[in-house]
1. Just checking, which of THR122, THR104 is of a type in the set (Ser, Thr, Tyr), open to solvent by less than 20 Å² (accessible area, probe 1.4 Å) and near ligand 2 (Cβ under 9 Å from one of its atoms)?
2. Is there any pair with a first residue in segment 1-30 that is hydroxyl-bearing (Ser, Thr, Tyr) and a second that is part of a helix (DSSP H, G or I) and surrounded by fewer than 20 Cβ atoms within 10 Å (Cβ to Cβ) whose Cβ atoms are under 7 Å apart and which are 6 or more apart or on different chains, and what are they?
3. With the requirement that a residue be surrounded by fewer than 23 Cβ atoms within 10 Å (Cβ to Cβ) and near ligand 1 (Cβ under 8 Å from one of its atoms), what does segment 154-197 give you?
4. Scan (1) surrounded by fewer than 14 Cβ atoms within 10 Å (Cβ to Cβ); (2) in a strand (DSSP E or B) for the single condition PHE84 breaks and write down its number.
5. When segment 31-61 is examined, which residues are found to be under 26 Å from the mean Cα position of the chain (by Cα) and either without any contact (Cβ under 8 Å) to a residue 12 or more places away in the chain or more than 22 Å from GLU149 (Cα to Cα) (or both)?
6. Does segment 198-205 include one or more residues that are open to solvent by 40 Å² or more (accessible area, probe 1.4 Å), part of a loop (DSSP other than H, G, I, E, B), touching an Asp or Glu at 6+ places or on another chain (Cβ under 9 Å) and without any contact (Cβ under 8 Å) to a residue 24 or more places away in the chain?
7. So in segment 31-61, with the set limited to residues that are in contact with a Phe, Trp or Tyr (Cβ under 7 Å, 6 or more places away or on another chain) and open to solvent by 30 Å² or more (accessible area, probe 1.4 Å), which one is nearest to THR178 (Cα to Cα)?
Amino acid sequence: MKRSTLLALPPADLARSVVALGEKPFRAKQLWRWFYQRYETDFDAMTDLSKPARALFKERYHPLLPQQVRVEASRRDPSRKFLFRFADGESAEAVFMAHEDRTTLCLSTQTGCPLGCAFCLTGRRPGRNLTPDELVGQFLSLVRGMAGERVNVVFMGMGEPLLNVEHLAAALPFLYETVSPKRVTVSTAGVLKGIAALGRVRPLPRLALSLNAGTDATRRALMPVHTYTMRELFEAMLAYPRKPGERITLEYVLIKGVNDTDAELGALFDLLKPHRRVFKVNLIPYNAVPDLPYEEPEEARVDAVGRMLARREITVTVRRSLGRDIRAACGQLAGEGLGPP
Ligand code: SAH
Ligand code: SF4
């Protein structure tokens with residue numbers, strides 16, 4: 001079911017939709033400001049619109065945002081997980097993480113993921129691409145009431161962003177209205193064509209890659225997308241345009257006994273050695289997923305791996321997983337609770 005919407009429309013299209021309703025074109029500028037600068041999508045709150053205009057927009061375009069089916073707040077940390085349902089009944093989750101000086105929004109790009117990584121819950125159902133208005137709607141739903149605050153956006157929720165580059169590229173300008181491109185990160189499992197396509201998007205968002213292995217064999221076993229070689233993967237990343245000093249993040253999910261062994265990490269060091277200034281590594285301790293055979297690493301091992309990398313002058317951070325008690329941590333998003341896929 002295709003639903004018409006006012007969201008994610010470029011200025012000229014927004015003006016056309018407004019005029020089609022019999023309103024003056026300047027209303028489009030007003031709506032733009034409300035949506036993308038003030039994060040307001042409730043027509044009743046748009047005080048500079050005439051009452052009849054508000055009623056008209058509301059009648060024709062309500063609801064603007066995807067339906068929020070559920071919000072869960074973590075009891076252990078300041079994160080919240082949102083479950084959205086879209087017009088066709090498909091769903092996706094997004095996570096709001098408050099830090100001291102900023103807020104990070106982790107958004108989904110698909111309603112599942114066709115890449116099917118062995119360790120990832122999202123990868124157990126293929127799902128579909130989110131449309132530009134669903135991507136923007138997800139963002140606006142999470143940032144409501146936060147105008148003027150510092151927000152980071154990471155496309156690390158459900159799905160593989162680079163299988164949905166076209167819609168993602170169409171959605172980014174609406175986020176860029178308030179969020180600087182350097183605060184927007186797109187995480188990929190390594191869709192080579194997609195990395196090149198994202199590299200042509202302007203303004204350019206930051207790139208993160210889920211590496212998760214040091215050798216081709218381990219990466220292939222964990223991530224079926226790895227039909228190429230590490231060499232080709234690194235070539236694709238090195239070709240991604242970067243601003244001076246900006247680094248590409250390599251995410252590395254540490255899975256006990258699988259990719260945290262000395263042999264695997266030795267191979268990782270060799271891969272990274274020539275490119276110390278290009279990459280930084282983000283270690284993510286694996287979050288166990290029911291029915292999957294993978295185990296979480298001991299904390300001491302995570303710290304040891306971090307120290308090993310740092311000793312070899314590789315910039316490394318360890319991601320403290322927020323939201324684990326509400327299954328909002330990395331790889332735990334699945335749009336659960338809506339019945340079988
Ligand atoms: N598809 C993209 C973005 C979404 S996945 C990608 O793979 O990069 C976001 C991150 O969560 C990836 O780095 C992935 O490796 C990681 N991840 C998946 N399942 C996980 C789990 N169970 N525990 C910890 N991290 C996980
Ligand atoms: Fe998809 Fe990323 Fe999960 Fe792999 S890790 S299945 S690419 S969402």
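1. Unique residue meeting the criteria: THR122.
2. THR5/TYR61
3. Result: SER187, single match.
4. The one condition PHE84 does not meet is (1).
5. ARG33, ASP42
6. For segment 198-205, residues open to solvent by 40 Å² or more (accessible area, probe 1.4 Å), part of a loop (DSSP other than H, G, I, E, B), touching an Asp or Glu at 6+ places or on another chain (Cβ under 9 Å) and without any contact (Cβ under 8 Å) to a residue 24 or more places away in the chain: absent.
7. GLU40
The values are calculated or read from the model by the stated rules, or taken from the named source; none is laboratory data. Everything numeric in this text was worked out from a predicted model, so none of it was measured. Note: ideal-geometry Cβ built from the backbone for every residue, glycine included; neighbour counts use all protein chains shown. What goes into the accessible areas is simple: the full protein's heavy atoms, side chains included, and nothing from ligands, DNA or RNA. Shrake-Rupley method; radii C 1.70, N 1.55, O 1.52, S 1.80 Å.
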